Amino acid sequence: MIPVCRLEDLPEGESVRVETTPPVGVFHTEDGELYAIDDTCTHQDASLSEGWLEGCLIECPLHAASFDLRTGRPTCLPARRAVRTHRVTVDDGIIHVHLAAEEGSAA
Amino acid sequence: MRTVTIVGASLSGLYAARELRAQGFEGRLVIVGDEAHRPYDRPPLSKDFLTGRTDETQLALTDPEETADLQAEWLLGIRARGLDPRTRTVLLDDGRAVPTDGLVIATGASARRLPGDHLTGIHTLRTLDDARALREELTRGPRRVVVIGAGFIGAETASSCAALGHRVTVIEAAPLPLLPQLGPEMAAVCAELHRRGGVELITGTGVAALRGTGAVMAVTGALGEGAVTGVAGACGAAGAMTGVAGACGAAGAVTGVAGALGAGAVTGVAEPYGEGVVTGVAGSHGWGAVTGAAGPPGSSAVAGSAGPRGSGTVTGVALTDGRTLPADIVIIGIGATPNTGWLTGSTLALHDGVLCDDGCVTSLPQVVAVGDVARVGGSRAEHWTSATEQPRVAVANLLAGRTVETVCSVPYFWSDQYGARIQFAGRRQDGDTVRIVEGDATAPDGGGFLALYEREGCTTAVLAVDRPRPFLRVRRELARGVGNVRAPSQSS
Ligand SMILES: Cc1cc2nc3c(=O)[nH]c(=O)nc-3n(C[C@H](O)[C@H](O)[C@H](O)COP(=O)(O)OP(=O)(O)OC[C@H]3O[C@@H](n4cnc5c(N)ncnc54)[C@H](O)[C@@H]3O)c2cc1C
Ligand code: FES
């Protein structure tokens, strides 16, 4: 379980990158949902938390592959492999990421 | 439409195949590609593939599952050599003929070459085989590398070579690299990247000759070959704008050849990754005078029949300012020419690409062209993104039998050099002013910045170095046709 930041420091529509290995992107959607996925696009080498967030979709800033934050699956090319998704909780106003591998549910 | 043939089994060809199936084409689909490989991605070749961070499996554009779903007949390692529009037949090198109702031309472009570039140690970088050969040579210990041309491919390759610990010099004929693409202010910033990466950049100087050991006989053959592959392009339309005053294989003959041909000074304008227009040719026997495959050889000196190939090894690059740079490896990055040779005599209009309307449709409604080979609505792009966007429109029009959709997108490309990610979108023109709206373009340690190009109060283009997020925002606004882009705030 990794503390990310205070909930109030990640406004809706924003995202933040956590420098784990591999890095994780945490997203706060306009609808107020929190999601975490592996931050590196499965196509080439771009940081998804730098992408374009729309609803539950994040568009990669390099070649516009789009991923569904709920499943990690790409919804269009050029990415073809899913990113791992991670569970997010908020405790005492702090956002935490539970890495999938730690919970034994690695992709 | 019962049979559709796609010629060119790379990025745009594969995307066209996907679109054909996605848009409901259920007929026979034939894909012809002259490379033996399944479709692979080229951008990593000059970047992570050369440095060993990416391997061949990661270059693949498709997997066996998708390949099976496409239900196509793949004819790989076979070149199309002609199109007979009367009988609607694609002719293949192995003598076969494919009768077809619809044709997608996706033959891309080939690296420009220089006469004499068959010497061992001289490379171009366009294909996986090119990259394999270069990578192999770069793993044999420290080398002196000279890169001819400071366009994107030249710069990326130089950066990769430097990262591998080689001593690298880049030669660029123009006063600054990427001048036509980025304009003087931002071109100066890119020039600085080379220095920061420990690479020597020599600008304003052309290449007079490639020097090597070995047989002098090589020269005639090498030049003859150079002449028929169209050296005019090598100087004039080079994306890299590298002037070539005469190049040949072996040292002994340099002066004779240079004399016979004269030193044609050529200026060109070019768009990223090519899209060049020859704007002027000086010198009656300059390389400019030796035009493409069909053209007459410039002089008897270059008419030389095949002759023995350059069997020597490269030793250096002679510059037009009289200097010679010693080199163990020379990489020629002077742009690419569209692969239209096989369409000669087909009635299709060809002029630096296959001419098509805004919907990628050629003069024949059953023939569309996409990617690097296509001159769509008057301009040809050599960008990954156009090669992936055009097929959707082209296929819709092909299946409709006429132009029902046009391509409308904001040109976009990216480049990775010396650890910096450069992204550019829009249509810049000379005279546009540049405004830095984020970061500092002159900071010695980099750190990235975002620059807007403006004309008469409107944003025409955007350039970012290591600022993907605000870049994306501006790119989207440009695509939406927002004339005056809001400068992204520093916090975002
Ligand atoms: C090293 C490198 C790095 C690049 N980096 C970037 C980048 O960072 N950003 C960017 O935006 N763009 C980049 N590009 C450009 C991008 O790769 C091209 O725009 C893209 O590959 C074009 O795709 P295409 O399918 O139109 O043509 P190509 O990829 O050239 O494919 C054409 C295919 O057709 C085959 N062919 C040709 N003639 C025939 C024939 N007669 N019969 C059968 N087959 C034939 C060719 O062998 C080739 O396989 C780079 C290109 C290179 C070479
Ligand atoms: S790196 Fe994300 S789409 Fe290419």
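Points worth noting:
- Enumeration of residues in region A:46-83 that are within 14 Å of chain B (Cβ to nearest Cβ), assigned to a loop (DSSP other than H, G, I, E, B) and out of contact with any Gly (no Cβ under 7 Å at 6 or more places or on another chain): A:Ala46, A:Gly51, A:Leu62, A:His63, A:Ala64, A:Ala65, A:Leu77, A:Pro78, A:Ala79, A:Arg80, A:Arg81
- Against the conditions (1) modelled with pLDDT of 95 or more; (2) within 14 Å of chain B (Cβ to nearest Cβ); (3) within 30 Å of B:Gly419 (Cβ to Cβ), A:Cys5 satisfies every one except (2).
- So B:Ala60, is it touching a strand residue (DSSP E or B) at 6+ places or on another chain (Cβ under 7 Å) and free of Cβ contacts under 8 Å to residues at least 24 places away in the same chain: yes
- Screening A:Arg84 with (1) more than 16 Å from ligand 2 (Cβ to nearest atom); (2) over 28 Å from B:Leu463 (Cα atoms); (3) open to solvent by 20 Å² or more (accessible area, probe 1.4 Å); (4) under 14 Å from the mean Cα position of the chain (by Cα) gives one miss only, at (1).
- If the condition is being within 29 Å of B:Gly13 (Cβ to Cβ) and surrounded by fewer than 24 Cβ atoms within 10 Å (Cβ to Cβ), then region B:135-154 contributes B:Arg135, B:Glu136.
- Pairs where the first residue, in region B:4-18, is closer than 19 Å to B:Glu382 by Cα and away from chain A (no Cβ under 12 Å) and the second is within 16 Å of ligand 2 (Cβ to nearest atom) and assigned to a helix (DSSP H, G or I), C-beta under 8 Å, 6+ apart: B:Ser12/B:Ala387; B:Ser12/B:Thr388
- Residues of region A:29-45 satisfying the condition of being more than 14 Å from chain B (Cβ to nearest Cβ) and in contact (Cβ under 8 Å) with a residue 40 or more places away in the chain: A:Thr29, A:Leu34, A:Tyr35, A:Ala36, A:Ile37, A:Asp38
Condition check ((1) modelled with pLDDT under 95; (2) open to solvent by less than 60 Å² (accessible area, probe 1.4 Å)) across all residues:
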residue	(1), (2)
A:Trp52	no, no
A:Cys56	no, yes
A:Cys60	no, yes
A:His63	no, yes
A:Asp68	no, yes
A:Thr75	no, no
A:Arg80	yes, no
A:Val88	no, yes
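Per-residue answers, yes or no, for (1) within 14 Å of another protein chain (Cβ to nearest Cβ); (2) under 30 Å from B:Thr313 (Cβ atoms); (3) more than 10 Å from ligand 1 (Cβ to nearest atom); (4) open to solvent by less than 50 Å² (accessible area, probe 1.4 Å):
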site	(1), (2), (3), (4)
B:Ile332	no, yes, yes, yes
B:Gly335	no, yes, yes, yes
B:Gly371	no, no, no, yes
B:Arg392	yes, no, yes, no
B:Cys408	no, no, yes, no
B:Thr433	no, no, yes, no
B:Gly439	no, no, yes, yes
B:Asp445	no, no, yes, no
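- Considered as a group, the residues in region B:338-366 that are among the aliphatic types (A, V, I, L, M) and more than 12 Å from ligand 1 (Cβ to nearest atom) include one that is farthest from B:Arg380 (Cα to Cα), and that residue is B:Leu364.
- Which numbered condition A:Val97 fails, given (1) modelled with pLDDT of 95 or more; (2) over 25 Å from A:Arg6 (Cβ atoms): (2)
- When B:Asp94, B:Asp101, B:Asp130 are screened for being more than 16 Å from ligand 1 (Cβ to nearest atom) and either touching a residue at least 12 places away in the same chain (Cβ under 8 Å) or away from chain A (no Cβ under 14 Å) (or both), only B:Asp101 passes.
- Residues being away from every other protein chain (no Cβ under 12 Å) and more than 8 Å from ligand 1 (Cβ to nearest atom) - total across region B:19-36: 12
The values are calculated or read from the model by the stated rules, or taken from the named source; none is laboratory data. From a predicted model like this one, the values you see are computed outputs, not experimental measurements. Methodologically, a virtual Cβ is constructed for each residue, glycine included, from the backbone with ideal geometry; neighbour enumeration extends over all protein chains shown. Note: accessible area is taken over every heavy atom of the protein model, side chains too, but ligands, DNA and RNA are not part of it. Shrake-Rupley method; radii C 1.70, N 1.55, O 1.52, S 1.80 Å.
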